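Since the structure comes first, as structure tokens, the remarks are kept for the end.
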Amino acid sequence: MTVASDRKALLTGGASGFGLEIARRLVGAQARVAILDVDRDRLAQAAELLGPEVLTLDGDVRSPEAVREAVGRAARALGGLDTLINSAGVIHIKPLGEVTEPEWDLTLDVNLKGAFLTAQAAAPYLRASGRGRIVSIASDAGKRGFAWIQAYSASKFGLVGLTESLAVELAPDQVTVNCVCPVGCPTTEMGKGVLAWKVQTTGRSSDEVAAAAARTNPLGRNATEADVAEAVLWFVSDEAAFVTGVALDVDGGAHLGFMPGA
């Protein structure tokens, strides 16, 4: 897999989880990297991990002004922009009757509107590069519904749709647009939160909950940050130049059917 060493990449949600791992691997491939995150403490920690050459940007993907400023700053600092990774995301877990409008709005605004705003702001740079890439972190919940995560699932289904729409619109300028759909990863910040909720709800230990989740995947283990990062970097690579509009399952086969009663 060949990730061009002169890639110029902006990652949202780049200070933790999937975003941070993807940024780390892009830096390792000698790409020029900027990360955008709303959490200043995590940005500082990410800067220490990734090194001084990485541009850290403090901003909220829900804000059109903040997104435009961040994209502009990244393009100026990196000498252009040809790669956008949308990794910013939030989740809440509640039964339908307890979900508040602010909770719904926050989830849709970060997970879906944020991806739209960053793609909109970055598109002129990606088009001008002649080799643009957009890769978004969707979810298995963007392909099948799960109880108690209505807003999250709606946002991720929407992200898959946004991916397909942008793939068609940006294709004439050789910009590819794809997303990955991972199952839960218990080591990301979001994954840790979901794991804690399951522990509290079931009364089982975190190891028991994680093992039970792994058994729902035919490959018998949970996703890791590395699994998702490798898939994202393939979409960024030269080998994937003719692949666009794809929502790739990174789920150990969880989308496949089990034998009933087995």
So how tilted is helix 64-78 from the main axis of the chain? Cα-based, degrees 0 to 90, rounded to 10. 60
Connecting C-alpha atoms closer than 10 Å in a GNM of the chain, tell me which of A77, A229, A23 has the biggest fluctuation. A77
Taking a probe of 1.4 Å and leaving out DNA, RNA and ligands, the chain shows per residue an accessible area in Å² of 47
With only Lys, Arg, Asp and Glu charged, each at its Cβ (+1 for the first two, -1 for the last two), find how big the charge dipole of region 47-199 is about the Cα centre; round to the nearest 20 debye. 380
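Past 26 Å, Cα to Cα: identify those pairs from K156/K198; K143/K198; K8/K143, in the order given.
Working: K156/K198 21 Å; K143/K198 22 Å; K8/K143 30 Å.
Check vs 26 Å cut-off fails for K8/K143.
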Of the heavy-atom accessible surface of the chain (probe 1.4 angstrom), what whole percent is carbon and sulfur? 55
Mind checking which aspartates and glutamates have their Cα closer than 19 Å to the Cα of K94? Skip sequence neighbours fewer than 8 apart in that chain. E103, D105, D109, D140, E189
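So, with +1 on the Cβ of K and R and -1 on the Cβ of D and E, and no other charges, what is the size of the charge dipole of region 121-262 about its Cα centre, to the nearest 20 debye? All intermediate terms of the calculation are to be shown ahead of the outcome.
Details: 11 positive and 14 negative charges, 73 e Å.
The calculation lands at about 360 debye.
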Å³ per residue enclosed by the Cα convex hull of region 34-178: 110
Per GNM of the chain with C-alpha springs under 10 angstrom, the most fluctuating residue out of G19, G130, G203 is G203
Given contacts defined as C-alpha pairs under 8 Å and at least six residues apart, what's the relative contact order of region 25-148, whole-number percent? 26
Mind computing the radius of gyration and Dmax over the alpha-carbon atoms of region 1-91? Å is fine for both. 11.9, 36
C-alpha long axis of helix 206-215 to longest principal axis of the chain, angle in °: 80
As I understand it, the value is the acute angle between the Cα axis of helix 225-236 and the longest principal axis of the Cα atoms of the chain; what does it come to in degrees, rounded to 10? 40
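Given the DSSP H assignment, sum -39500 (n - 2.57) over each helix run of at least 4 residues in the chain and divide by its residue total; what's the result at 222 nm in deg cm²/dmol, nearest 500? Let's see the in-between values first.
Numbers: 9 runs with 119 residues, N = 262.
Dividing the helical sum by the residues of the chain leaves -14500 deg cm²/dmol.
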Computed ³J(HN,Hα) along region 113-128: with the Karplus parameters 6.51/-1.76/1.60, θ = phi - 60°, integer Hz and x for glycine or proline, the list is 4, x, 5, 4, 4, 5, 5, 4, 6, 7, 3, x, 5, 5, 4, 5
Can you tell me which of 243-256, 88-101 comes out highest on packing, and rank the rest after it, using the mean Cβ neighbours within 10 Å? 243-256, 88-101
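The values are calculated or read from the model by the stated rules, or taken from the named source; none is laboratory data. Just so you know, these numbers come straight off a predicted model, no measurement behind them. Please note: Cβ atoms are built from the backbone with ideal geometry, for glycine as well, and neighbour counts cover all protein chains shown. Keep in mind that these areas ignore ligands, DNA and RNA; they rest on the heavy atoms of the full protein, side chains included. Shrake-Rupley method; radii C 1.70, N 1.55, O 1.52, S 1.80 Å.
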